1. Return the residue satisfying two criteria in turn: it lies in segment 41-62 and is small (Gly, Ala, Ser) and in a loop (DSSP other than H, G, I, E, B), and of such residues it is surrounded by the fewest Cβ atoms within 10 Å (Cβ to Cβ).
2. Picking from Asp15, Asp21, which residue would you name as being surrounded by 10 or more Cβ atoms within 10 Å (Cβ to Cβ) and acidic (Asp, Glu)?
3. Checking the structure you have, find out if any residue of segment 2-25 is at pLDDT below 90, part of a helix (DSSP H, G or I), among the charged types (D, E, K, R) and closer than 28 Å to Ser105 by Cα.
4. Quick one: in segment 63-96, which of the residues that are free of Cβ contacts under 8 Å to residues at least 40 places away in the same chain, assigned to a helix (DSSP H, G or I) and in contact with a Ser or Thr (Cβ under 9 Å, 6 or more places away or on another chain) is nearest to Leu143 (Cα to Cα)?
5. Only residues that are surrounded by 16 or more Cβ atoms within 10 Å (Cβ to Cβ) and touching a residue at least 12 places away in the same chain (Cβ under 8 Å): list them for segment 113-143, please.
Amino acid sequence: MEFGRVEQGEIREIDFRLPADGRITRAILPGVPSARPCRFHVGMGKWGRKEWAGPFYQQGTKERDFLTAYAGKLDSIELNATFFSVPGPEDIGKWRQQVQASGNSNFLFFPKVSRTISHIKKLQGCDFLVKMYLEAVAGLGELEGP
């Protein structure tokens, strides 16, 4: 296995079980119940890979339907599109409709902060950009992750 990459034929040979907690971990984390249940979401950083039609998406799935097919299998996505530009309401609405068409009521988008805010402006003098970004991702509504 190459780091971070598994060939399709190797996936069944991998033992995904976690090892038992060590002595120190057991002493530090004695199993105190959480104030609220913890939820885990499984997803990837992209939904639009043509080569996934067949192995991941049903053969013949059109590119325009990739997000719907993706949301039918996984329950979250790291929304990288928001890193490169702030999406308009049309894009947000289209993404929402595609996820809703999948029937997955647990799906969440985890939008990345715009690179203009985080990398170019370095969080300085970007109040207007932050406001634009927050207004845009608020359009995801109940599909916006924490």
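1. Checked segment 41-62; the qualifying residue surrounded by the fewest Cβ atoms within 10 Å (Cβ to Cβ) is Gly60.
2. None of the other options fit; the residue is Asp21.
3. no
4. Top of the filtered list is Ala71.
5. Residues satisfying the conditions are Val113, Ser114, Thr116, Ile117, Leu129, Tyr133, Ala136, Val137, Gly139, Leu140, Leu143.
The values are calculated or read from the model by the stated rules, or taken from the named source; none is laboratory data. Predicted model only: the values in this text are computed from it and were never measured. Methodologically, a virtual Cβ is constructed for each residue, glycine included, from the backbone with ideal geometry; neighbour enumeration extends over all protein chains shown.
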